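Take a look at the structure below.
Please treat every number below as a calculation from the coordinates, not as lab data. For clarity, every value in this text was computed on a predicted model and none was experimentally measured. Methodologically, a virtual Cβ is constructed for each residue, glycine included, from the backbone with ideal geometry; neighbour enumeration extends over all protein chains shown.
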Amino acid sequence: MTLEFIPLRQAVIGQDTTIVRALPSRQRKTIGAWCFLDHAGPVSFIAGQGLDVGPHPHIGLQTFTWMIEGSVMHSDSLGNEQLITPKQVNLMTAGYGITHSEVAPASETKMHAAQLWIALPDTHLTIPPAFEHYPELPLIHHDNLDFTVLVGQFLGKTSPVNVYSSLVGVDIASKEGASTTLNLNPDFEYGILLLEGSVMINGQPLTMQEMMASSTGLTELTLSLGANSRILLIGGTPFESSILIWWNFVGRHADELKQAREQWANHDPRFADVLSYQGERLTAPAFPEHIKENK
Ligand code: MN
């Protein structure tokens, strides 16, 4: 079984927050239904200069936020206002359409988080929007490592996070250096991102500049984490459909995305306002003339 090591790229979100993006990449568009993976921080900043992503729309996906350090206020067009703090998950189901903003509180000076998108399957692509906050996730101490089951089942525990595909997401953290061999589901493809510290996967180091990705058929992996290290393991059954991602939209065809862009630009009620946000909403970029639909 070959493990791929795929380089990450940098991107800027909000006013001026630099993150690394692991998905999608030229090499890998999805891992299961996971179709987007940003790693923000760990970073310290002057109070008042943290994350500030103004109101913007989403369709066809769930946004999944895992907070490791710091805090961010989520506000959306359904009227939800939810502060997310360490060891918590925010799950926003965009479905047919939602608008949200994400802003660090004025007194906040730190951030370390992963934000992922989960593509909704064809059967749930346009479900009504929803938002759920999970203040506590199942925690397992095994082989001197702390496993938090973010999504799906792992080591006999099940996450309460509500998803629509066979998926797994696990945060694995060490205090002292520790090794473990994980039993994996051969029906899943997997990805691993190093969030802090150091890790070896089957004896090969994974750096902060790359993500490991596997295809299906993998039954186990041996991980060795250095002291004070943390990784994110994601996986799932290969996504059933060929998806199209543009800006903040996930769909199947260019027309759907183009229509959503026009509705956002025209203040269509599909995307209501985030009433609590002080400031301008984001402007959609021009729709590309040629968008690649892979059939
Ligand atoms: Mn968003």
Any residue in segment 261-281 that's of a type in the set (S, T, N, Q): show its pairings with residues that are not in a loop (DSSP other than H, G, I, E, B) at Cβ separation under 7 Å, as long as the two are six or more apart or on different chains. Ser276/Ser75; Ser276/Glu81
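Please tell me if Leu218 is of a type in the set (A, V, I, L, M) and either under 30 Å from Glu262 (Cα atoms) or in contact with a Ser or Thr (Cβ under 6 Å, 6 or more places away or on another chain) (or both). Quick ask: steps written out before the conclusion?
Values: of a type in the set (A, V, I, L, M): yes; either under 30 Å from Glu262 (Cα atoms) or in contact with a Ser or Thr (Cβ under 6 Å, 6 or more places away or on another chain) (or both): no.
Spelling it out, it is not the case that Leu218 is of a type in the set (A, V, I, L, M) and either under 30 Å from Glu262 (Cα atoms) or in contact with a Ser or Thr (Cβ under 6 Å, 6 or more places away or on another chain) (or both).
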Got a sec? Which of Gly156, Gly217, Gly177, Gly197 is small (Gly, Ala, Ser) and in contact (Cβ under 8 Å) with a residue 60 or more places away in the chain? Gly217
Against the condition within 17 Å of Asp171 (Cβ to Cβ) and in contact (Cβ under 8 Å) with a residue 40 or more places away in the chain, how does Gln115 come out, does it pass? yes
Starting from residues that are touching a strand residue (DSSP E or B) at 6+ places or on another chain (Cβ under 6 Å) and of a type in the set (D, E, K, R), keep the ones in segment 204-240 and report whichever is surrounded by the most Cβ atoms within 10 Å (Cβ to Cβ). Arg230
Within segment 247-295, can you find the residues that are closer than 25 Å to Met73 by Cα and β-branched (Val, Ile, Thr)? Val250, Val274, Thr283
Which of the following residues is in contact (Cβ under 8 Å) with a residue 12 or more places away in the chain, under 17 Å from Glu132 (Cα atoms), away from the ligand (no atom under 16 Å from the Cβ) and of a type outside the set (Gly, Ala, Ser): Pro86, Pro105? Pro86
For Ile59, the lone unmet condition from (1) β-branched (Val, Ile, Thr); (2) more than 12 Å from the ligand (Cβ to nearest atom); (3) buried (at least 17 other Cβ atoms within 10 Å of the Cβ) is (2)
When you check Ser276 against the structure, is it of a type in the set (Gly, Ala, Ser) and in contact with a strand residue (DSSP E or B) (Cβ under 8 Å, 6 or more places away or on another chain), yes or no? yes
Per the filter on segment 63-83, residues within 10 Å of the ligand (Cβ to nearest atom) and crowded, with 23+ Cβ neighbours inside 10 Å are Asp76
Considering Asp268, Asp273, Asp255, which residue is within 16 Å of the ligand (Cβ to nearest atom) and not small (Gly, Ala, Ser)? Asp273
